[in-house]
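Here is the structure we will look at, set down as structure tokens.
Read-outs: derived from the displayed coordinates by stated rules, not from any lab. Just so we're clear, the structure is a prediction, and the values are computed from it rather than from any experiment. A quick note on method: Cβ atoms are made from the backbone with ideal geometry, for glycine too, and the neighbour counts reach across all protein chains shown.
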Amino acid sequence: MNQALRVKRIPRQGSLAGLLLFLFLPALLLFSLSCKKNHPVTAAYQPTPYKIVIPRFFPEVLNVPSDNPMTVEGVALGRYLFYDGRMSGRTGPDSLMSCSTCHLQTHAFECGMGESRFYDGHPYGLTGIFTPHFMMPMINLVWTDKGYLWNGKVSAGNANPAMKNLEDVTWMAIVAPHEMAGDTARVAALFQTLPGYPGLFKKAFGTDHVTVKNMGRAIAQFVRTLISADSKFDRYLKGSYQLNNSERSGYVLFMTEQGGDCFHCHGGDGNPLFTTNLFYNNGKDSVFTDPADRFSITGIAGDIGAYKAPTLRNLVFRPPYMHDGRFSTLDEVLNFYNSQLVWSPSISPLMHHVGTHGVHLTPLQVSDLKSFLLALTDSSFVANPGFSRPAVFPDGTK
Amino acid sequence: MRYIGAFILAVILLSGCSKSSETNYAATGKVQLLFSHQAGQQPLLPDTLLYLTATRHQYKVADLQYFVSDFTLYHNGGKPVRILSGQGIHYVDMRVAGTLAWSPADGIAAATYDSVSFTFGINTANNISNRFPNPPERDMAWPGILGGGYHYMKMNLEYTGPLDPGIKPFMFHLGIGQLYSTATPNPDSITGYVQNYFRVTVPARFAVVAGKVCSIGCVMQVDRWFDGPETFDFDDYPGGIMQNQDGMHKACLNGQHAFVITVGKQGNP
């Protein structure tokens, strides 16, 4: 009898299971088919990593943010955008402006002096408004870790999330009244329509939707490839060049406290960037009126009149000098440090010769120091075709 | 059956005790070194023209960066314990909070210690040019022509004199010294180099407990660099002492007395 009861129960359970399967199986099938229809499997986005070769003795730590790794596709796109005058958001020939309008490779990516557009080296934007400061070079920026611009405004320490790193300089240049005086939405919309560009954005960032954010990423990647490390002095450090007597004497003056004592701010054999990337009041003035010095960023009294110590590489291509372009020649710079220092309460303690207004080198010593500075010239940097204007842009324009 | 079980249990218990006694002997804790700076036995106030030397120079400290290395803990009758993490070298910048605490990964034998010693600067074997390619240590590079390696210390000051109210910068920098054959420090006349790093030894009684972190304070008394046992006069060395071995030697004699060790609480790792 028990067996009979057990036999009778099983068919009822089996019926219930079968009923449930009958009811829900079609729904399951439909669901799986719909999933396939709305999310087709596509090729994965696989950009090609771009490996920066670190020159000997250079820092091993690179300022490459994790959300914008270097890729071949990103660098290539960035180079196009760097040189494309339509970055202004406009297409009229008188309204074009790109990074390269002011950042000229022949001047180590400053605008230099003597060019027809900015003859005195002070750039201005599309509306004719001059930039607050003269230019800084784009040399070895992948190692800049204390902030960009003369006052270090664009830095990890900036509370503004849109002013943290090199990626953010692009939108700032687009909207700045003293630069492109443009509109970011207009720029993005324009490039969305230019044949070839959306495809390059897709290769670089996985989407063909053009955004100023990704423009900034691409340009930052390109700028990070602008590495200068093949001067006479670099070859001297590697043992493949012998400094001549004047260059060697200048090197000693550069590196000694009783000489020119340049190295405390500008690096040297222990720091081939030739800048500490820190900020100093170097004794140019006793009164300061610039609202955009380092003090404007930190609020620290000791930073009044302080600016970033720029690299001393490729100086020959980069007049005028200082944040306000006050010196047109290297000789003027050397004469300043030799006998024209001015004390102020916020002068850097590293300017320990301010009591005598300068280091007071002899004319021969000044000449030797200049020889050494010229040995920091890397001619390959200003001629590298990989940094130059593309012959043809993605949409076929030249 | 029961006797076998008891026997097995006894074996297990005895072997566990042996293990635990071996564990106690090799028990280790950790230390955390905390760096701070004082003048006049008060916390140093940067950029404040407040401090007076024995030569009646008033000064303020703008920057203070230095290396310490080869920390060694001693206990009576025991083997000295040397901290090896980070190759035993630590960089301190008074303005960078992250450098003011150093938590080496070394396991320190649990014991009661009675003194601490360390090298101020970096010893000859380790003070090698280009060993630190990255900032901030990179910016301590000491010129190759002057001996190479790294600054032991950069203390950038400003001071006024009793006879001259003007404020003057002074670079109180220590590193490898040079011997010159000429009266003026012409680098072409360098005849030899002097390793100016020195050992600082300070009595300090503290216990390292197994599984715990012992905080040890390393307090630099900045004023001691100028006031004892040698009297340091800024005006004797216009602007700085990198190329003046006499000045650096005097500074180093004082520096051996410029540190106090304090001991904090035991904490958890």
>> Limiting things to C-alpha atoms, what are the Rg and the maximum Cα-Cα separation (Dmax) for the protein assembly as shown, in angstroms?
In response: 32.7, 123
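Please work out the Cα convex hull volume for the range A:232-377 and give it in Å³ per residue.
Numbers: hull volume 14.7 nm³, N = 146.
Cα convex hull per residue, to the nearest whole number: 101 Å³.
Quick one: of A:LYS164/B:LYS154; B:LYS154/B:LYS212; A:LYS164/A:LYS370; A:LYS284/B:LYS60, which pairs are farther than 32 Å apart, Cα to Cα?
From A:LYS164/B:LYS154; B:LYS154/B:LYS212; A:LYS164/A:LYS370; A:LYS284/B:LYS60, over 32 Å: B:LYS154/B:LYS212; A:LYS164/A:LYS370.
Which whole number gives the average, over all residues in B:169-175, of C-beta atoms from other chains lying within 10 Å of the residue C-beta? Can you show the working numbers first?
Working: counts 11, 2, 7, 1, 2, 0, 0.
Mean shielding by partner chains, rounded to a whole number: 3.
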> Other chains near B:125-136: what is the mean number of their Cβ atoms within 10 Å of each residue's Cβ?
Replying inline: 4
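By count of other Cβ within 10 Å, fewest leading, how are B:HIS151, B:HIS90 ordered?
Working: B:HIS151 25, B:HIS90 22.
Result, fewest neighbours first: B:HIS90, B:HIS151.
Taking a ≥ b ≥ c as the square roots of the Cα gyration tensor eigenvalues, with a/c under 1.5 meaning rounded and otherwise prolate when a/b beats b/c, else oblate, which class fits the range A:233-303? Walk me through the numbers on the way to the answer.
Numbers: a/c = 3.68, a/b = 2.34, b/c = 1.57.
Verdict is prolate for the range A:233-303.
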> Taking the Cα atoms of the range B:30-267 alone, what are Rg (to one decimal) and Dmax (as a whole number) in Å?
Replying inline: 18.4, 58
> Tilt of helix B:245-255 relative to the longest C-alpha principal axis of chain B, in degrees (0 to 90, nearest 10)?
Replying inline: 40 degrees
> the range A:308-324 to the range B:125-155: how many Å between their Cα centroids?
Replying inline: 25 Å
> For the protein assembly as shown, what is the calculated [θ] at 222 nm in deg cm²/dmol (nearest 500), taking -39500 (n - 2.57) for each run of four or more DSSP H residues and dividing by its residue count?
Replying inline: -8000 deg cm²/dmol
> To the nearest 10 degrees, how steep is helix B:2-25 against the longest Cα principal axis of chain B, on a 0 to 90 scale?
Replying inline: 10 degrees
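What's the Cα-based Rg to Rh of the range B:132-244, Rh via Kirkwood? Show your work: numbers first, answer last.
Numbers: Rg = 18.2 Å, Rh = 17.2 Å.
Ratio of gyration radius to Kirkwood radius: 1.06.
On average, how many beta carbons from a partner chain sit within 10 Å of the beta carbon of a residue in B:237-249? Each step should come with its number before you reach the end.
Values: counts 0, 5, 12, 8, 1, 5, 4, 2, 0, 0, 0, 0, 0.
Neighbouring Cβ atoms belonging to other protein chains average 3 per residue here.
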> Gaussian network model of chain A, Cα springs within a sub-10 Å range: biggest mean-square fluctuation belongs to which of A:PRO272, A:PRO363, A:PRO177?
Replying inline: A:PRO363
> How far is helix A:212-224 tilted off the main Cα axis of chain A, in degrees rounded to 10, range 0 to 90?
Replying inline: 50 degrees
>> Give the separation of the Cα centroids, the range A:175-198 to the range B:193-268, in Å.
In response: 59 Å
